[in-house]
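Notes to accompany the following structure.
The values are calculated or read from the model by the stated rules, or taken from the named source; none is laboratory data. These figures come from a predicted structure and were not determined experimentally. Cβ atoms come from the backbone with ideal geometry, glycine included; neighbour counts cover every protein chain shown.
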Amino acid sequence: MALLRNLTTALFERERIRTTLMKAKELRPYAERLITLARRDDDRLHARRLAARELQDRRVMKKLFDDLGARFAGRPGGYTRILRLGPRHGDGAEMAIVELIGSEYKPEKKGDGKGKKGAAKPTEGEAKPEAKAGTAKGKVRPAPKAAGRKPSGRKGEPEPEA
């Protein structure tokens with residue numbers, strides 16, 4: 001029960017968590033039951049107290065009843081989604097992502113014109129800054145060793161003549 005409580009708290013707080021598939025399947029009905037409690041309009045205080053038995057974090061309780069309950073008010077069920085990821089490298093356990101509906105990942109489009117902050121691109125008239133010594137582009141390679149010479153394995157001894 002402690003595992004389910006902690007997973008549910010993390011799910012409501014972050015709206016998307018990564019866990020094993022079996023834990024995700026156990027978590028789904030538990031979390032959806034709490035969201036259904038948050039949707040109640042008739043007896044809000046009693047619903048809060050029932051949910052407070054399961055969730056110990058006050059911030060998560062507030063988010064559940066204020067934000068998530070309102071978000072899923074018109075939805076008849078199915079508040080979570082399980083996405084399979086494949087086996088974990090260490091032990092081969094099947095991994096999954098559990099997320100709340102409506103919190104999907106939305107990547108930025110490439111042509112939106114927003115670049116990295118503070119990174120100014122040089123214009124055509126400006127010269128690019130030179131590479132500093134010791135960097136990959138400005139690194140000086142040592143001269144190749146003379147052919148036919150083999151290093152001796154000991155310090156202080158002269159190298160053998162070829």
Tabulated pairs, the stretch 69-89, first without any contact (Cβ under 8 Å) to a residue 40 or more places away in the chain, second in a helix (DSSP H, G or I) and surrounded by 13 or more Cβ atoms within 10 Å (Cβ to Cβ), C-beta under 8 angstrom, 6+ apart or interchain: Gly69/Ile35; Gly69/Ala38; Gly69/Arg39; Phe72/Ile35; Phe72/Ala38; Phe72/Arg39; Ala73/Arg39
Flag if Leu11 is loosely packed, with under 15 Cβ neighbours inside 10 Å, assigned to a helix (DSSP H, G or I) and touching a helix residue (DSSP H, G or I) at 6+ places or on another chain (Cβ under 9 Å): no
Residue pairs meeting the criteria (Cβ under 6 Å; at least 6 apart or on separate chains; first under 18 Å from Lys62 (Cβ atoms) and in contact (Cβ under 8 Å) with a residue 24 or more places away in the chain, in the stretch 29-46; second of a type in the set (Gly, Ala, Ser) and not in a helix (DSSP H, G or I)): Arg39/Ala73
Among the residues listed as Leu4, Leu34, Leu45, the single one being of a type outside the set (S, T, N, Q) and in contact with a Phe, Trp or Tyr (Cβ under 6 Å, 6 or more places away or on another chain): Leu4
Complete set of residues in the stretch 34-66 that are acidic (Asp, Glu) and either part of a loop (DSSP other than H, G, I, E, B) or under 22 Å from the mean Cα position of the chain (by Cα) (or both): Asp41, Asp42, Asp43, Asp57
Matching option when the condition is at pLDDT 60 or above and more than 32 Å from the chain's Cα centre (by Cα), among Ala127, Ala96, Ala143, Ala162: Ala143
